[in-house]
Amino acid sequence: MSLSNKSVVVTGGAGFIGSHLVDLLAKEEPEKLIVLDNFFLGTIDNLEQAKKNYPDIIIINQDITDFKSLKKILSNNPADVVFNLAVIPLPTSLEKPEWTYEQNIKMTLNLCELMRQGLFGTLVQCSSSEVYGSAVRVPMDESHPQRTMTPYAASKLATDSLAVSYYETFGMDITIPRPFNNYGPRQNDKSYAGVIPLTIKRILGNQAPVVYGDGTQTRDFIFVEDTAKAIIDVYLSKNTRGKTINIASGKETSIKELIELIMKLMGCRLKIKYEAARRGDVKRHKADTSLAKKLINFSPNTELNKGLLKTIEYFKRKIS
């Protein structure tokens, strides 16, 4: 399979992972490349590189919970594949749980229904490792118990189940990559930011890095460009249909170790500040990626040190 003659839509394409996916898709020279985003978190600046590589890119400010408007767009732009990365993130669900859940469900349901109506051919539905909750065994494979700890996680589990139900009931061409903890350039650094951009920004502002809880909680960090490539490979491999596939490094890093590493790379000598643990914070994550290796020959290319250096340099340029 190839993307060179395909019409491609990316929802949430101006966001963190979405924009890196769009960058790689632009290099594949598809027949048409469309980004749908309501810019809740995404920014038009995230698409600057893609616009250079693919001048004919179509960028539409669109909330995909609006079924009629979405149907009109897809009717006017028949697509071979939709990569769905549109999402209301975890921190928002701690403040607006009902809205987050409803929005995430509605976005996926709209796409599944429009696909059932024949408006596009394949749905690549992006999941989240948050559906597992904290690890009850490691490494965590795709059959790991799903014990959601936040409304966000519950919404992602529900959207996964929804996509699988359309695959099973209607025989639709659907696959579900499930990324673990992504980091890298363009990661959101504002209200709903992750630990890495927040730590980098604090150090650049000569503020002490913060650990929530005792710092022993672990994550499986994967560089965003590795995830973007894997998502494309999941689409290109027909043997992934109807399956959910972990995308991760397979390595476990504690939050305290992570922050100490960032401090070392940035030459920071400030003392770490400890604050109360956050709601819904999973205790342990470490993925089993054997299914991804089997189906798409997946192997991440970016070690944590290298990826963090790229991320630090990005935020230095952004803030300067």
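The values are calculated or read from the model by the stated rules, or taken from the named source; none is laboratory data. These numbers were taken from a predicted model, which means no experiment stands behind them. Cβ sites come from the backbone with ideal geometry, for glycine too, and all protein chains shown count toward neighbours. Accessible surface is based on the protein model in full, side chains and every heavy atom, while ligands, DNA and RNA are left aside. Shrake-Rupley method; radii C 1.70, N 1.55, O 1.52, S 1.80 Å.
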Note to self, the chain gives a 222 nm [θ] from helices alone (DSSP H runs n ≥ 4, -39500 (n - 2.57) apiece, / all residues, nearest 500) of -13000 deg cm²/dmol
Region 20-87 and region 259-320 have their Cα centres apart by a whole-number Å value of 27
Quick calc, the chain, dipole around Cα centre from Cβ unit charges on Lys, Arg (+) and Asp, Glu (-), nearest 20 debye, gives 760
Rg from C-alpha atoms of region 8-162, normalised by the globular rule of thumb 2.2 N^0.38 Å, equals 1.06
Rg from C-alpha atoms of region 244-290, normalised by the globular rule of thumb 2.2 N^0.38 Å, equals 1.49
Here, region 222-320 modelled as identical Cα point scatterers in vacuum has Debye log10 I(q)/I(0) at q = 0.11, 0.23 Å⁻¹ of -0.47, -1.22
Taking the dipole of region 103-260 about the Cα centre (Lys, Arg +1; Asp, Glu -1; charges at Cβ), the one of Val138, Asn104, Leu123 that reaches farthest to the positive side is Asn104
Of the accessible area of the chain, computed with a 1.4 Å probe and all protein chains kept, carbon and sulfur make up a percent value of 48
Convex hull around the C-alpha positions of the chain: the volume in Å³ per residue is 120
Between the Cα axis of helix 195-204 and the main Cα principal axis of the chain, the angle (0 to 90°, nearest 10) is 50
Rg/Rh of region 1-77 (Cα atoms, Kirkwood Rh), to two decimals, equals 0.95
Of the candidates Met263, Ile200, Ala292, the farthest towards the positive dipole end of the chain (Lys/Arg Cβ +1, Asp/Glu Cβ -1, centred on the Cα centre) is Met263
Any chymotrypsin sites (Phe, Trp or Tyr not before Pro) in region 159-190 that lie in a DSSP loop and have at most 10 other Cβ atoms within 10 Å would be none
Taking Lys and Arg as +1 and Asp and Glu as -1, residues besides Leu295 with C-beta under 12 Å from its C-beta add up to +3
Taking every other residue with Cβ under 15 Å from the Cβ of His20 and scoring Lys and Arg +1, Asp and Glu -1, one gets -2
For the chain, longest principal axis from Cα atoms; helix 224-236 axis from its Cα atoms; angle between them, nearest 10 degrees, is 20
Toy charge model, Lys and Arg Cβ at +1, Asp and Glu Cβ at -1: region 6-142 dipole around Cα centroid in debye, rounded to 20, equals 300
Bridge orientation stat for the chain from DSSP, antiparallel percent rounded to 5, came to 5
Cα-based Rg and Dmax for region 121-180, in Å, come out at 12.1, 37
Tilt, helix 304-319 to longest principal axis of the chain (alpha-carbon atoms), in degrees rounded to tens, equals 90
Given a 1.4 Å probe, the accessible area of the chain per residue, as a whole number of Å², is 43
At the level of C-alpha centres, the distance separating region 165-203 and region 101-121, in angstrom, is 19
Semi-axes (Å, rounded, descending) of the ellipsoid equivalent to region 65-153 per its C-alpha gyration tensor are 29, 17, 8
